[in-house]
Amino acid sequence: MTVLQALEEGRGPMSLTQIATASGTQPSKAHRYLVSLARAGLVVRSPGSGRYDLGPAMRRLGVE
């Protein structure tokens, strides 16, 4: 949950290092969480920049 909170509080797409710092986790642990969250559509990773942002499933949850 802290990884999602870090993304929600961030000002746009964030790097793995930024997310790890903001969530208080090690980068390797944050990466594992991000991979799982991406599989569920809660997070997306930009192929060009490699930065993460909230995904379509997370946005749908926010609307409902």
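The values are calculated or read from the model by the stated rules, or taken from the named source; none is laboratory data. Everything numeric here is computed off the predicted structure, so don't read it as measured data. For the accessible areas, the whole protein counts, side chains as well, though only heavy atoms, and no ligand, DNA or RNA atoms are used. Shrake-Rupley method; radii C 1.70, N 1.55, O 1.52, S 1.80 Å.
What to note about this one:
- In order through the range 25-40: 3J(HN,Hα) via Karplus (6.51 cos²θ - 1.76 cosθ + 1.60), integer Hz, x for Gly, Pro: 10, 6, x, 5, 5, 4, 4, 4, 4, 4, 4, 5, 5, 5, 4, 8
- Using θ = phi - 60° in the Karplus curve 6.51 cos²θ - 1.76 cosθ + 1.60, the 3J(HN,Hα) couplings for the range 49-57 round to 9, x, 7, 9, 8, 5, x, x, 5 Hz; x is entered for Gly and Pro.
- In the calculated pair-distance distribution of the chain, the portion above 17 angstrom amounts to 30 percent of the Cα-Cα pairs.
- Portion, in percent, of the accessible area of the chain that falls on carbon or sulfur, probe 1.4 Å: 53 percent
- Solvent exposure of the chain amounts to 68 Å² per residue of accessible area, where only protein heavy atoms count and the probe is 1.4 Å.
- Here the contact order of the chain, divided by its residue count and restricted to Cα pairs under 8 Å and six or more residues apart, works out to 31 percent.
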